[in-house]
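Report on one structure; see the data block that follows.
The values are calculated or read from the model by the stated rules, or taken from the named source; none is laboratory data. All of these numbers come straight from a predicted model, not from anything done at the bench. No Cβ is skipped: glycine too gets one built from the backbone with ideal geometry, and neighbour counts run over all protein chains shown. Protein only, heavy atoms only, side chains kept; ligands, DNA and RNA dropped before computing areas. Shrake-Rupley method; radii C 1.70, N 1.55, O 1.52, S 1.80 Å.
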Amino acid sequence: MKSIGILGVGQAGGNIAEIAASMGFQTALINTNQRDGLVNTRVEKKYFCPGFNGAGQDRSIGLKAVNENYREIISFVQDTFKNIKFLFVAFSTDGGTGSGMSPLLIDLLLDNLPGINIGAIAVVPDRNVLAGNRINAAECIEQISKIDSLSSVFLIDNDQLRKINPQSSKHEIYLSSNHQAMEAIKNVLQVTKKSSFYGNFDETDLMNILGTRGVTIITSTAITDAKTTADVASKIQQSWGSSIFCPVESAGVIRAGIIYEGPENMGKLINTPSIFARVGEPLELFEGTYISESDPVITTILAGLPYPSRRMQALEESLEKNKERLQGLVKKEHTQKYESRISWASNLKAKPQERKSGSISSKLSKYQK
Ligand SMILES: Nc1nc2c(ncn2[C@@H]2O[C@H](COP(=O)(O)OP(=O)(O)OP(=O)(O)O)[C@@H](O)[C@H]2O)c(=O)[nH]1
Ligand SMILES: [Mg+2]
């Protein structure tokens, strides 16, 4: 895991870095809030922006934190990660710290980490988040998508688990999504360490794929029950829609990897044209075949995909639908006041008695019989 580093920004980023640290990746985290970052005990290197106490879902505060501390942050990242080939910046798109800091931070790191590819692991929120979070996510993803030299962007879709488990707690969803996403990256990196008689998928192949600009996904599927090449292709295509990443929506894969692990006979059912029929054949394909007696599993990596516009539309739709109401809420914030209908009644309120001081002799004579 030494060649890939994970830099978490904000709470979600720190949690992803925590899992990555337990898997042996080099990790670090940045936050505007010490209390959030301190819980990620497995991440050894931490930078807390001085003078901040969280960003309270305000992206402009995250941005300010980078503006005020970018020199220290860049040196922190340069000093922390040693001999890595790839750095992933991990963050959620709908909070304030990670979402506000990461686009500018990534852009600055691209100029200051020569020879290291930079990618992103960005969390897209689930269906239950409110308008403010949706606005943050849309703004952040737009900014990320416009960064010129940025390599693979993995979009962790919290809604993928929410869909299947509407009753799950946030904590369960977060933990499981973080785990599945890092597990996917760890697995392909581990494959590059194996050797095969039939075709290796090596680290250069992986770095080639991950170095592609655009959205990347990694998915695995067991093909134990498959009988034909069409069965295998359909299993793989299903995995592109049901992984932890935003489902693949449209054609346009630029670089791809196909890794087969399992018995030799099942490997024969892999037919590249039918696998890519839906998304178009990539410019380059890197393959690996690892024969073993374990259950047959196919892992695919698709890179250079377009941003998922339907998924983003689902996120933005509820804002569009509620445009007037939301604009009304904002206006109301600054104009609203309460007028009491019983202001006349204030006069009824008891007034403190005034104590009039009289002379002693007049009081004495008042009681005289
Ligand atoms: N997958 C995943 N999503 C998370 C996790 N933690 C938070 N989220 C998502 O991130 C959003 C909240 O963002 P945070 O990462 O807590 O925000 P932050 O970057 O710390 O920014 P502020 O708290 O506003 O300072 C939630 O609505 C979720 O969508 C996590 O560990 N895993
Ligand atoms: Mg936070």
task = Counting only C-alpha contacts under 8 Å and six or more residues apart, can you give the relative contact order of the chain as a whole percent?
result = 13 percent
message = Please compare each pair in 186/227; 2/194; 82/194; 2/82 to a cut-off of 18 Å on the Cα-Cα distance and tell me which ones are over it.
response = 186/227; 82/194
message = With just the Cα atoms defining each centre, how far is region 94-144 from region 165-183? Give it in Å.
response = 19 Å
key: Counting DSSP beta bridges with both ends in the chain, the antiparallel % (nearest 5)   = 30 percent
ask   = If you add up the charges near residue 178, with Lys and Arg at +1 and Asp and Glu at -1, over every other residue whose beta carbon is less than 13 angstrom from its beta carbon, what do you get?
value = -1
note = Dividing the mean separation of Cα pairs under 8 Å (6+ apart) by the residue count of region 1-191 yields a relative contact order in percent of 21 percent
request  = Quantify, in whole percent, the carbon and sulfur part of the accessible surface of the chain (1.4 Å probe; protein heavy atoms only).
outcome  = 50 percent
message = Per DSSP helix of 4 or more residues, -39500 (n - 2.57); summed, then divided by the residues of the chain. What does that give at 222 nm, rounded to the nearest 500?
response = -13500 deg cm²/dmol
remark   = Interchain or sequence-distant (5+) residues whose placed amide H lies within less than 5 Å of the amide H of residue 89 are 7, 119, 120, 121
Charge sum, other residues only, whose C-beta stays under 13 Å from residue 296's C-beta, Lys/Arg counted +1 and Asp/Glu -1 = -3
remark   = In nm, the gap between the two label points placed 7 Å beyond Cα toward Cβ at residue 179 and residue 332 is 4.2 nm
query = Working out 0.36 nm times the residue gap between residue 313 and residue 228, then minus their Cα-Cα distance, what length gain in nm do you get to one decimal?
reply = 27.0 nm
ask   = Taking the mean number of other Cβ atoms within 10 Å as a proxy for protection, how do you rank 7-16, 70-79, 22-31 from highest to lowest?
value = 7-16, 22-31, 70-79
query = What accessible area per residue, rounded to a whole number of Å², is obtained for region 1-191 using a probe radius of 1.4 Å?
reply = 41 Å²
task = Throw me the Rg/Rh for region 1-191, computed over C-alpha atoms with Kirkwood Rh, two decimals.
result = 0.93
key: Distance between region 11-79 and region 295-369 - C-alpha centres, whole angstrom   = 34 Å
note = Rounded to the nearest whole number, the per residue volume of the convex hull around the C-alpha atoms of the chain in Å³ is 233 Å³
request  = For every other residue with a beta carbon closer than 12 angstrom to the beta carbon of residue 194, add +1 if it is Lys or Arg and -1 if Asp or Glu, then tell me the sum.
outcome  = -2
query = Counting only residues 5 or more places away or on other chains, whose amide H sits under 5 Å from the amide H of residue 214 once H atoms are built in the peptide plane?
reply = 153
